[in-house]
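Novice: Let me give you the structure first, and then I'll get to my questions.
The values are calculated or read from the model by the stated rules, or taken from the named source; none is laboratory data. All values derive from a computational prediction rather than experimental measurement. Don't worry about glycine lacking a Cβ; one is built from the backbone with ideal geometry, like all the others, and counts go over all protein chains shown.
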Amino acid sequence: MRPLHFALPGRLPLETKAAPDPLALPWLATARGLLGLAEVAGPAANPLIIGWGRRLKIDYRSDETSWCGLFVAHCLTQALPDEPLPDGLLSARRWQRFGIACPVPQPGAVMLFWRVARSDWRGHVGFYVGEDAAAYHILGGNQGNRVSVARFAKARLLGARWPSTAPAPAGGPRLLRADGRLSVNEQ
């Protein structure tokens, strides 16, 4: 993008640069390109989702099995092929061991949430795209059986992580309008 030039009366032109797009991270661009991708109802499965498991060399045979972690792994490895993934990546809570801590949630951060109860083994994982006063806006797989952006109550957050092979996080929160219901049972 070319810089913009502004001239004030009696002064030299002031050069300014367009702000970088906070959603332009390559793994987040891959995720955005999959918005709307859905499971196949019934005993069949979406071959694209099954293919992610095959490419990642994990035994994944049905999109009836939780695939939020599979989605995150697929998006990250497309953009960062050398990024180490957690063992058991289908278990959302295993993503707490991924990359490095991201103390301030920001676009591209891998966000982990509890399901049912904070102490329960179940969880959910997806990418931060923004937040409002009450919720994080998460782009993830297996949200209503599809890739979508959903709102998650901030109280459900277990942690935020950042890929260890990516440049250090340098942004900050992205404030969005509170629009839509909160996600309460990701499937």
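Novice: Name the one entry in ALA92, ALA117 that is over 19 Å from THR165 (Cβ atoms), touching a strand residue (DSSP E or B) at 6+ places or on another chain (Cβ under 7 Å) and without any contact (Cβ under 8 Å) to a residue 60 or more places away in the chain.
Specialist: ALA92
Novice: Do we have ALA178 as modelled with pLDDT of 95 or more, more than 16 Å from the chain's Cα centre (by Cα) and loosely packed, with under 15 Cβ neighbours inside 10 Å here?
Specialist: When the stated conditions are applied, ALA178 does not pass them.
Novice: On to the next question. Checking the structure you have, find out if any residue of segment 132-153 is under 22 Å from GLY53 (Cα atoms) and without any contact (Cβ under 8 Å) to a residue 24 or more places away in the chain.
Specialist: No, every residue in segment 132-153 fails to be under 22 Å from GLY53 (Cα atoms) and without any contact (Cβ under 8 Å) to a residue 24 or more places away in the chain.
Novice: Looking at the structure I just gave you, is LEU76 over 22 Å from ARG115 (Cα atoms), touching a Leu at 6+ places or on another chain (Cβ under 8 Å) and surrounded by fewer than 12 Cβ atoms within 10 Å (Cβ to Cβ)?
Specialist: no
Novice: Yes or no: segment 97-109 includes at least one residue that is assigned to a loop (DSSP other than H, G, I, E, B) and without any contact (Cβ under 8 Å) to a residue 60 or more places away in the chain. Please lay out each step first, then the result.
Specialist: To start, the set of residues in segment 97-109 that are assigned to a loop (DSSP other than H, G, I, E, B) comprises 98-99, 102-109.
Filter once more, so that each one left must be without any contact (Cβ under 8 Å) to a residue 60 or more places away in the chain: 103.
Yes, segment 97-109 has at least one match.
Novice: Residues that are of a type in the set (Lys, Arg) and closer than 19 Å to LEU182 by Cα: does segment 96-110 have at least one?
Specialist: No: segment 96-110 contains no residue that is of a type in the set (Lys, Arg) and closer than 19 Å to LEU182 by Cα.
Novice: Can you name the residue in segment 53-73 that is free of Cβ contacts under 8 Å to residues at least 60 places away in the same chain and under 16 Å from the mean Cα position of the chain (by Cα) and is also farthest from GLY108 (Cα to Cα) among such residues?
Specialist: Here the residue is GLY69.
Novice: Still on this model: Confirm whether TRP95 is in contact with a Pro (Cβ under 9 Å, 6 or more places away or on another chain) and surrounded by 23 or more Cβ atoms within 10 Å (Cβ to Cβ).
Specialist: Spelling it out, TRP95 is indeed in contact with a Pro (Cβ under 9 Å, 6 or more places away or on another chain) and surrounded by 23 or more Cβ atoms within 10 Å (Cβ to Cβ).
Novice: Which count do you get for residues in segment 125-149 that are in contact with a Gly (Cβ under 7 Å, 6 or more places away or on another chain), in a strand (DSSP E or B) and under 20 Å from ASP63 (Cβ atoms)?
Specialist: 7
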